[in-house]
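Shown next, in structure tokens, is the structure this report addresses.
The values are calculated or read from the model by the stated rules, or taken from the named source; none is laboratory data. In this text, all values refer to a predicted model and were calculated from it rather than measured experimentally. Reconstructed Cβ throughout: ideal geometry from the backbone, glycine too, with neighbour counts over all protein chains shown.
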Amino acid sequence: MKKNLMAVLVLCAWGGPAFAGIVTQTVDYKDGGAVLEGYLAYDDSIQGKRPGILVVHEWNGPGHYVEGRCRQLAQLGYVAFAADIYGKGVRPQSMQDCQKESSKYKSNRALMRERARAALSQLQNNERVDASKIAVIGYCFGGTVALELGRGGAPVLGIVSFHGGLDTPTPADAQNIKGKVLVCQGGADSHTLSQIPGFEKEMKDAKVDYKIITYPGATHGFTNPDNKGPALKYDPQADKDSWRAMRDFFDRIFKS
């Protein structure tokens, strides 16, 4: 496994202050013969093991956005690891290429789960992580991946989906979800709102402890400042509120 130290002092994803003690690393790992490139962030000033958070990227693959989220999570005291579902160097640029790449996994949920489990294994085996206290979060495409990881029976205490796709070809697999679920959706999200009724039925049928929070007026992709709208638009208030909801969720699930 290749690890490259990138920085000891890093900036928040969108130009915030530097956080002393935050260390980041790129990490090469594998899923079978596929080489993947993850991103690790943690606070080196914290002693002992702590909860780990797996972060899954949007449909354009890993990049500055999820890396920034990892640094924010590290500032909160977690070890954060950004998964690479697509593979090292696979970073689609156009909408057409993003659609093509994400569809490979949406149409093959077994492969999607396998790639997510490979990243989860990296986090579980990190010496700073309490492997009994792990959660997974995901954005858009990553929200779908996070939920599928849970449906596959992964031992995670919590799953958080931010404006993610909620549908699945195997809703009965929800019975395999071991932790609690938090879903944060935009109230004006034309991409996913229609999926909520089916998702609620899936969760209720499987007796999953879940919560859905809908943010009025927020569209798809409301957490990412790169999204300029109209149907894919950053909403700073919904971003702030959903991040706070996630933090409260983590406080509950990781409580000793």
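Take the conditions (1) free of Cβ contacts under 8 Å to residues at least 60 places away in the same chain; (2) over 15 Å from Ala83 (Cβ atoms); (3) of a type in the set (Ser, Thr, Tyr); Thr170 misses just one of them, which is (1). Taking region 202-244 as the range and being in contact with a strand residue (DSSP E or B) (Cβ under 6 Å, 6 or more places away or on another chain) and assigned to a helix (DSSP H, G or I) as the test, the residues that pass are Met203, Ala238, Ser242.
Scanning region 115-132 for residues that are assigned to a strand (DSSP E or B) and touching a helix residue (DSSP H, G or I) at 6+ places or on another chain (Cβ under 8 Å) yields Val129, Ala131. The lone criterion from (1) hydrophobic (A, V, I, L, M, F, W, C); (2) surrounded by 21 or more Cβ atoms within 10 Å (Cβ to Cβ); (3) closer than 20 Å to Asp205 by Cα left unmet by Leu157 is number (2). Cβ-Cβ below 8 Å, separation at least six or inter-chain, first residue in region 103-121 and buried (at least 17 other Cβ atoms within 10 Å of the Cβ), second modelled with pLDDT of 95 or more and among the polar types (S, T, N, Q): which pairs? As it stands, the answer is Lys106/Thr144; Arg109/Thr168; Arg109/Thr170; Met112/Thr144, since those pairs meet every condition given.
Among the residues of region 189-201, which ones are of a type in the set (S, T, N, Q), over 18 Å from the mean Cα position of the chain (by Cα) and either in a loop (DSSP other than H, G, I, E, B) or more than 13 Å from Thr168 (Cβ to Cβ) (or both)? Correct list: Ser190, Ser194. If the condition is being of a type outside the set (A, V, I, L, M, F, W, C), more than 17 Å from Ile53 (Cα to Cα) and touching an Asp or Glu at 6+ places or on another chain (Cβ under 6 Å), then region 164-190 contributes only Pro171. For region 130-141, the set of residues classified as surrounded by 22 or more Cβ atoms within 10 Å (Cβ to Cβ) and closer than 25 Å to Asp43 by Cβ consists of Ile134, Ala135, Val136, Ile137, Gly138, Tyr139, listed by residue number.
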